[in-house]
1. If a residue must be in a loop (DSSP other than H, G, I, E, B) and surrounded by 19 or more Cβ atoms within 10 Å (Cβ to Cβ), how many such residues does the range 304-326 contain?
2. Considering each residue of the range 155-197, count those that are over 12 Å from the mean Cα position of the chain (by Cα) and of a type in the set (K, R), and give that number.
3. Report every pair of residues separated by at least 6 positions or lying on different chains whose Cβ atoms are under 9 Å apart, first residue within the range 180-192 and within 16 Å of L47 (Cα to Cα) and near ligand 1 (Cβ under 8 Å from one of its atoms), second part of a loop (DSSP other than H, G, I, E, B) and among the charged types (D, E, K, R).
4. Sort out which residues of the range 170-210 are in a strand (DSSP E or B), hydroxyl-bearing (S, T, Y) and open to solvent by less than 10 Å² (accessible area, probe 1.4 Å), and write them in order of number.
5. Testing G156 on (1) at pLDDT below 95; (2) under 16 Å from D16 (Cα atoms), one condition comes back false. Which one is that?
6. Taking L105, is it within 11 Å of ligand 1 (Cβ to nearest atom), open to solvent by less than 20 Å² (accessible area, probe 1.4 Å) and out of contact with any Leu (no Cβ under 9 Å at 6 or more places or on another chain)?
7. Would you list the strands (runs of 3 or more DSSP E) that sit entirely within the range 1-88 and hold 3 or more residues that are open to solvent by 60 Å² or more (accessible area, probe 1.4 Å)?
8. Tell me whether the range 137-148 contains one or more residues that are more than 15 Å from G28 (Cβ to Cβ), more than 16 Å from ligand 2 (Cβ to nearest atom) and touching a strand residue (DSSP E or B) at 6+ places or on another chain (Cβ under 7 Å).
Amino acid sequence: MHAIGRRPLTVLTITDVDADRRAVDRAGAMLRAGRLVALPTETVYGLGANAYDDEAVRRIFLAKGRPADNPLIVHLAAADHLDRVAATISPLARSLAARFWPGPLTIVVDAAPGLPDVTIGGLTTVAVRVPAHPVARAVIAAAGVPVAAPSANRSGRPSPTTADHVAADLAEHVDLLIDGGPTGLGVESTVVDARTEHPVIYREGALTREQLGFAVTGDATRAPSPGTRYRHYAPTCEVEIVEPEHLAARAIALQAEGLRAGTVAPSQLHTPGAVPIARFGDVDELARDLYRALRDAESADIDVLLCTAVPETGVGRAVMDRLRRAAAR
Ligand code: TXA
Ligand code: MG
């Protein structure tokens, strides 16, 4: 079968980085050589390229349809590689890195002078993290270069939490897709500016304010990451946030209008007349399943996806942030 203009997608499954050493080395060599490699992290799948290769990074922006002023997160294999991408490292950045890396925390620092403009979106700062996923870390270590990697979705689409999601959005653009199974956390990393002694949360994420605790002082003000200016996480169906006690009535009202309703709701809630897209026991489970649910609602031809609101504590903050963006019209 030949599809003109469409390259076949190479997928490698890596479950054990020691057993699959050759696949890890191949992925690393491709990254070093300027190819695009999609890879699993503990949060969501990323679309990786050598952060120091302008041409490769430019291809990431093209593949995603991403605005050029939205900088990428640079991923390292180890915390002591931070000086490869940072010009100066504040004591706060150092202590956050020591405490939370590897893990779902992205730290904004002053960028090293040699980092290409395209990688950092024309800013003087760079967002950096060391992922906790063993496959991501092994591949980045094998590459031997810092790896710029946004979430591996088309710009504005829900982030990918499986290799299938990546293939659905970006098959023609990816040189290699590493399938490491579904991601564990399901929402992106928390982005914190750590250039001064006053940390600022730029994006709520998988590492909670409660976990950051000691570091985020009471006077931490909110400032958005460039990416938070854009509409995000949007499936093609409508998304509505509802309080759990209003779910059943809302589903019936939609049905009466001839609309097909879907639900993302606690397992114990049953909503006659609506298609259950995701049921969750707790907010961690909701975080893990949220993006999959948004994509599944499309496949199930849902007109309106009713998502129950959750308390804004712990990872509930990131979940509600993503739901509001998905619901924005
Ligand atoms: O969990 C994650 O963070 C995933 C995985 C793949 O690591 N990556 C991810 O990347 O979510 P992306 O590109 O989808 O989101 C990066 C966010 C954007 O909102 C961007 O604006 C912000 O980080 N960002 C990047 N560099 C920044 C900087 N120098 N200052 C402030 N925000 C920055
Ligand atoms: Mg993204």
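The values are calculated or read from the model by the stated rules, or taken from the named source; none is laboratory data. Just so we're clear, the structure is a prediction, and the values are computed from it rather than from any experiment. All Cβ positions, even for glycine, are placed from backbone atoms using ideal geometry, and neighbour counts span all protein chains on display. Areas reflect the complete protein model, heavy atoms only, side chains present, ligands, DNA and RNA absent. Shrake-Rupley method; radii C 1.70, N 1.55, O 1.52, S 1.80 Å.
1. Qualifying residue count for the region: 2.
2. So the count comes out to 1.
3. Within 9 Å, the pairs are V187/E204; S189/E42.
4. As a first pass, look at the range 170-210 and keep what is in a strand (DSSP E or B): 176-179, 190-193, 200-203.
Going one step further and asking which of them are hydroxyl-bearing (S, T, Y), we end up with 190, 202.
Scanning the range 170-210 gives a single hit, T190.
5. With respect to (1) at pLDDT below 95; (2) under 16 Å from D16 (Cα atoms), G156 is out only on (2).
6. Answer is no for this residue.
7. none
8. So far as the range 137-148 goes, no, none of its residues is more than 15 Å from G28 (Cβ to Cβ), more than 16 Å from ligand 2 (Cβ to nearest atom) and touching a strand residue (DSSP E or B) at 6+ places or on another chain (Cβ under 7 Å).
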